[in-house]
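To start, the structure itself, in structure tokens.
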Amino acid sequence: MSKSSQVIKSMIRQSGLILLLALAVGLGVNQVRSDRLPLVRSGPAESRSAAADGLTISLEEARRLHETDQALFLDARPEPWFEMGHIQRARNLPPEEIDRLFAQVLGDVPPHRLIVTYCDGENCQLSHDLAFALKQRGFTEVRVLVDGWRLWQEAGLPIEGSGG
Amino acid sequence: MKRGEGLAFLVRLFLGGVFIYAGLDKIIDPAGFAKIIYNYRIVPEISINLIAVCLPWLEFILGVMLVAGIFRPGTLVLVNLLLLIFLGGLVFNLARGLDVHCGCFTTDASGDPATWLAVVRDAILLALSLGLLVKTVRRPDLTGAKVKE
């Protein structure tokens, strides 16, 4: 047998061993640490897309918060999209503009106020970025409604805007 | 000591150091790393936490093995594979315009954005580790893989 084929054999065997070792150490360490991660996150179907930060809420929850006016809704999309249409009573705060617009948009909002951020599309990152930026600025109760604009419209919930 | 062996040794030390350094920050903050993986939007959600818990240790262990020079063929295969996967993830998200944090060397969301610079950095590491891998396959005696005649 050639040297090369022997090396390839040991590559496969050793890679497997190393992978097993990493798996064992990773899982073992995770078990003993106080801030361990649950290995499989479980939850209702709506929160399937919940991030590891546990920020997201379901459409049903968001609807209830909106109906009872318990939360301030923040639209994280760029202004033209917001102008065309947004969740009723929502304010517009694209995360990349937060330094410029923060005082104007959230100057009157106390830090413990419940805030729900949203944007459009299941893969839209803006609402997550906005939620994160708000947390960094001291807002304690921030939630994300993933794919919020689409879900909200599809459910026929109250919206406003120019409609263009 | 044969020619080329000294250089290969230095490359091994360097790559090993990079992997140890990259693994440590993520070992400290698996939750932060899980969020970064989530934002990449490539792997199925159910696997995210398992990856966040084990991948940093894999990087760390590979780094230690590179430095120590044990299990060399297997280590190099995995190092190349990881760098290739990282490269693919970076390029994929840059190409589709997703603004993700690299998460390469820190789980701190304020630094280390995924840019083309990160791609170049990964490509350089990949070139180095590929060089070591080729060397191991072609000249197993030289790079310390234990083989029988």
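All of the numbers you see were taken from the coordinates with simple rules; none came from a lab. Remember, predicted model here, so these are calculated numbers, not experimental data. Here the Cβ is made from the backbone with ideal geometry for all residues, glycine too, and neighbour counts use every protein chain on show.
Per-residue Cβ neighbour counts within 10 Å put A:58, A:127, A:4 in the sequence A:4, A:58, A:127, beginning with the fewest. The smallest convex shape that holds all Cα atoms of chain B, its convex hull, gives 112 Å³ per residue.
Annotation: the antiparallel percentage among DSSP beta bridges lying fully within the protein assembly as shown is about 20. For segment B:1-97, the list of trypsin sites (Lys or Arg not before Pro) that fall in a loop by DSSP and count at most 14 other C-beta atoms within 10 angstrom reads B:2, B:3, B:96. Number of Lys-Lys pairs in the protein assembly as shown with C-alpha atoms under 24 Å apart and a separation of 8 or more places or on different chains: 15.
Placing unit charges on each Cβ (+1 for Lys and Arg, -1 for Asp and Glu) gives chain B a dipole about its Cα centre, and among B:100, B:56, B:80 the Cα reaching farthest toward its positive end belongs to B:80. Taking other C-beta atoms within 10 Å as the exposure proxy, B:60, B:9 rank B:9, B:60 from fewest upward. Could you pull out every whole DSSP H run in chain A that spans at least 18 Å of Cα extent along its own axis and averages -0.5 or higher on the Kyte-Doolittle scale? Helix filter hits for chain A: A:3-32. By the Cβ rule of 4.7 Å, the protein assembly as shown holds the following cysteines without a possible disulfide partner: B:54.
Coordinate range of the alpha-carbon atoms in segment B:47-123 per principal axis, descending: 40, 25, 22 Å. Working from label points 7 Å from Cα in the Cα-to-Cβ sense, the residue A:160 to residue B:46 distance is 4.4 nm.
Annotation: the residues A:144, B:53, B:119, A:40, sorted from fewest to most other C-beta atoms within 10 Å of their own C-beta, follow the order A:40, B:119, B:53, A:144. Helices that extend 27 Å or more along their long axis by alpha-carbon positions and average at least 1.0 on the Kyte-Doolittle scale are, among the DSSP H runs of chain B, B:5-28, B:48-68, B:72-95, B:116-138.
Calculated from DSSP H runs of 4 or more alone, at -39500 (n - 2.57) each and per residue, what is the 222 nm mean residue ellipticity of chain B, nearest 500?
On the way: 5 runs with 103 residues, N = 149.
Value at 222 nm, helices only: -24000 deg cm²/dmol.
Each Lys and Arg contributes +1 and each Asp and Glu -1, all at the Cβ; summed about the Cα centre of the protein assembly as shown, the dipole is approximately 2180 debye.
Each label point was placed 7 Å from the Cα along the Cα-to-Cβ direction; for residue A:13 and residue A:112 their separation is 6.5 nm.
Can you work out the FRET efficiency for the pair residue A:96 and residue A:122, with r the C-beta to C-beta distance and R0 = 30 Å, to the nearest 0.05? Computed FRET efficiency for residue A:96 and residue A:122: 0.90. Over segment A:71-148, the pair-distance histogram of Cα-Cα distances with 10 Å bins from zero comes to 21, 61, 18, 0 percent, rounded to whole numbers. Relative intensity of chain A on a log10 scale, I(q)/I(0) at q = 0.12, 0.13 Å⁻¹, equals -0.62, -0.68, per a Debye sum over C-alpha point scatterers of equal strength in the absence of solvent. Taking the Cα centre of chain B as reference, the dipole from Cβ charges on Lys and Arg (+1) and Asp and Glu (-1) amounts to some 700 debye. Dividing the helix sum by the residues of chain A, where each DSSP H run of 4 or more adds -39500 (n - 2.57), gives a mean residue ellipticity at 222 nm of -13500 deg cm²/dmol.
Largest first and in whole Å, give the semi-axes of the protein assembly as shown's equivalent ellipsoid, each being the square root of 5 times a Cα gyration tensor eigenvalue.
They are 47, 19, 16 Å, listed largest first.
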